[in-house]
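The values are calculated or read from the model by the stated rules, or taken from the named source; none is laboratory data. Remember, predicted model here, so these are calculated numbers, not experimental data. Here the Cβ positions follow ideal geometry from the backbone for every residue, glycine too, while neighbour counts run over all protein chains shown.
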Amino acid sequence: MSDSGAGIATSAAAWGLAPAVLLVAVVALLLAFGVAAVDRLVVSGAGSRAMWEPLRSGVRLMAEERRTTLAPDSLLWRLGCASVPVLALLSLAVVPLGGRTLLSTSADLVWFNAMESILWAAVWLVGWGPNAVHALTGGYRFLIQGLSYELPLMFSLITVGIGAQSLRATDVVAAQESLWFVLTMPVAFAVFLATAAAFAFWGPFASPAGVDVAGGVRSELSGVERLLVELGRAAFLGAAAAMATAAFLGGDAGPWLPGPVWQLVKTVGVVVLFVLIGRRLPVVRPERFVEVAWMVLIPLTLLQALVVAVLSLSGFYA
Amino acid sequence: MSAELVLQIVLTVAAALIGVGLFGALSQQSIVMIMMGFELALNGVLLAGGAAWYFFAPDRADAQMLVVVALVVMAVEMAMGFAAVIAAYRTRQVDMIDMAADLKG
Amino acid sequence: MLTDLSAWAVTAVVVLGALSVAAGIAVFVVDSMARATFALLASFLAVTGVLIAFDLDYLAFVTALMMTIEMAIMAVFMIMFMMNPAGLMPMTMVHNARGSALVGAGAFVALTVGIWTIDWPVGEVTRPADSTRQLGEAIMGSHMLAMLVIGVGLFATIISGTLLATARGRYDRFGADLRAARPNDPVPGGLPR
């Protein structure tokens, strides 16, 4: 990958490969736990003790005996389950942590999008693997939702790229020194958050794992595999919150406090926003969302990109 | 390692992908599998295009455009292929090439 | 002239190349159509890796993105149209296998002979600082015409693909006199209309 044009060295170059990878892994785990803990707190309303519940159930899943189904496609099933958390890690690799990214390419935003699209295959495999009807139904639902949210997500990321004049994540953060992108790109920000919930099939977009299909893609998961998928889902949501912070909320910029603290505060804020709004909305039926996405969200995000392009041409972001 | 040797290895891989893809497209009966053969051959074109950019003219974007065009060809082939499969299946329950032999001109 | 690739990159290119061919062969060997589809995806992702080694970051990521989505959709179609998608009852669905193998092998041999006999013009090259910017400027500049044609072609594909795939026209949706206030669709959409 070309490093030229990057003003900031990657975290791997600055701190060594192993510490940098470890940092991304630890941050991913913390983000996943944060998402699950905030979710528990808000949903149960039982006070701070509820927040440790995800940790307990995670440990229990590790010890749980795996059950299986008749004639599963074990290879693809395991591959799908393992891919979900790995892809969450990989998408976090281009999010600036402490001002540096693990990978810095000339197309970081496209990398983030590509990892999310490989998730299509992973989630479908989680549904296909067990040879069970509810799981496969969940997999199909994810693909339908994917066809709806993918283009709005791309356009909102492209809008960020237009504003920053670069697809490199560290450049995007640097471009927001004077003005956070959320102020001129509110539509792209909202669409990014909504699509993040959709690719983590969470909140109003949870129908691939809906209760009406007995848990959908999750219905046949048990033990470590269930833990991997749940962890990956939460980590993806956390990675999306971190990306939203970097792409729209100025990354680690802020007065008085050191950068990483600001980044943490903003990321946690986005996670709380996710949970507070996402948990209050009913689950959207995928076939309804298709029309809304194609008739409303795509034109809106295109208009947003046009506005940002005109602003950018007029030197607004310079 | 000399640049030419690396180039030749990569192009040989591309040729192998094209060969395997051609075999698949010609030998499979199911229309979906035939499309997978074409995709595999185009995968070889992507690889060769990338190698051409890297080894011959990285100062120009022409080879990159070639890869873009190959990607677009894949997308178009896929979209039209599936649309044609649906149309054929809807009108006459055909999902295998040999069942539509009367379409041969 | 020595290559600009590091020893690691050369190794990665060779391994990923071998992997892409092996996965490509697996597409037509495995019984399960799901495995065939994802073997093809593995082949694409291996080529993506090679493109990353060649500094073509943007094209590599776009290849991974497009091909994964394509393969996921392909899996849906495969289950819709194949009689044995999971390969639980192995069957062969090939015709003229020997002739096809000859044509495939012939193409490979002809190309390979060319590849190893031609004196390739590999010389000193200047590398751009940023291949993504180079492509973007080409699309919006010297190669704009190609991009315009691609855009129109894709738009035509969307329209003709939808037209071919759907059997319902406006008379089915809005009635013979086109007077129905709401379309009569088998699956209702999400907008109030």
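Quick check on A:VAL270: is it within 18 Å of A:VAL160 (Cα to Cα), among the β-branched types (Val, Ile, Thr) and buried (at least 17 other Cβ atoms within 10 Å of the Cβ)? Show your work before the answer.
Numbers: within 18 Å of A:VAL160 (Cα to Cα): yes; among the β-branched types (Val, Ile, Thr): yes; buried (at least 17 other Cβ atoms within 10 Å of the Cβ): yes.
Yes: the conditions hold for A:VAL270.
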Review point. For residues in region A:123-157 being crowded, with 23+ Cβ neighbours inside 10 Å and among the small types (Gly, Ala, Ser), which is farthest from the other protein chains (Cβ to nearest Cβ)?
Key: A:SER156
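Tell me, yes or no, whether region C:180-191 has at least one residue that is assigned to a helix (DSSP H, G or I), modelled with pLDDT of 85 or more, farther than 20 Å from B:ILE86 by Cα and out of contact with any strand residue (DSSP E or B) (no Cβ under 6 Å at 6 or more places or on another chain). Break it down stepwise before answering.
Applying the first criterion (assigned to a helix (DSSP H, G or I)) to region C:180-191 yields none.
No, the conditions are met nowhere in region C:180-191.
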**Study point:** Selection status of C:THR162, among the hydroxyl-bearing types (Ser, Thr, Tyr), more than 23 Å from the chain's Cα centre (by Cα) and either part of a loop (DSSP other than H, G, I, E, B) or under 27 Å from B:SER30 (Cα atoms) (or both)
**Key:** no
Review point. Restricting attention to region A:220-239, and to residues there that are not in a helix (DSSP H, G or I) and not charged (D, E, K, R), which single residue is surrounded by the fewest Cβ atoms within 10 Å (Cβ to Cβ)?
Key: A:SER222
Check your understanding: Quick check: is even one residue across region B:78-95 under 22 Å from C:VAL27 (Cα atoms), surrounded by fewer than 19 Cβ atoms within 10 Å (Cβ to Cβ), in contact (Cβ under 8 Å) with a residue 24 or more places away in the chain and among the β-branched types (Val, Ile, Thr)?
Key -> no
Review point. Restricting to region C:42-58, what's the tally of residues that are more than 10 Å from chain B (Cβ to nearest Cβ) and within 13 Å of C:SER20 (Cβ to Cβ)?
Key: 3
Point to revise | In region C:157-179, residue farthest from the other protein chains (Cβ to nearest Cβ) [restricted to those that are surrounded by 12 or more Cβ atoms within 10 Å (Cβ to Cβ), of a type in the set (Gly, Ala, Ser) and on the phi < 0 side of the Ramachandran plot] | key: C:SER160
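Among the residues in region A:242-265, are any charged (D, E, K, R) and modelled with pLDDT of 90 or more? Don't jump to the end; show me each part of the working.
Filtering region A:242-265 down to residues charged (D, E, K, R) leaves A:252.
Adding the requirement that they be modelled with pLDDT of 90 or more leaves none.
No, region A:242-265 contains no residue that is charged (D, E, K, R) and modelled with pLDDT of 90 or more.
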Review point. Only one of (1) surrounded by fewer than 19 Cβ atoms within 10 Å (Cβ to Cβ); (2) in a helix (DSSP H, G or I) fails for A:GLY161. Which number is that?
Key: (1)
Exercise for review: Identify, by number, the condition in (1) surrounded by fewer than 24 Cβ atoms within 10 Å (Cβ to Cβ); (2) more than 8 Å from chain B (Cβ to nearest Cβ) that C:PHE61 doesn't meet.
Suggested key: (1)
Review point. Cβ-Cβ below 7 Å, separation at least six or inter-chain, first residue in region A:160-181 and under 15 Å from A:GLN304 (Cβ atoms), second in a helix (DSSP H, G or I) and of a type in the set (D, E, K, R): which pairs?
Key: A:ALA164/A:ASP171
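Looking at C:THR63, C:THR92 in this structure, which one is assigned to a loop (DSSP other than H, G, I, E, B), without any contact (Cβ under 8 Å) to a residue 24 or more places away in the chain, among the polar types (S, T, N, Q) and out of contact with any Pro (no Cβ under 6 Å at 6 or more places or on another chain)?
Values: C:THR63 fails: assigned to a loop (DSSP other than H, G, I, E, B).
Within the list C:THR63, C:THR92, the selection yields C:THR92.
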Revision key, fill the gap. Among the residues of region B:21-77, the number that are surrounded by fewer than 23 Cβ atoms within 10 Å (Cβ to Cβ) and outside any helix (DSSP H, G or I) is 7
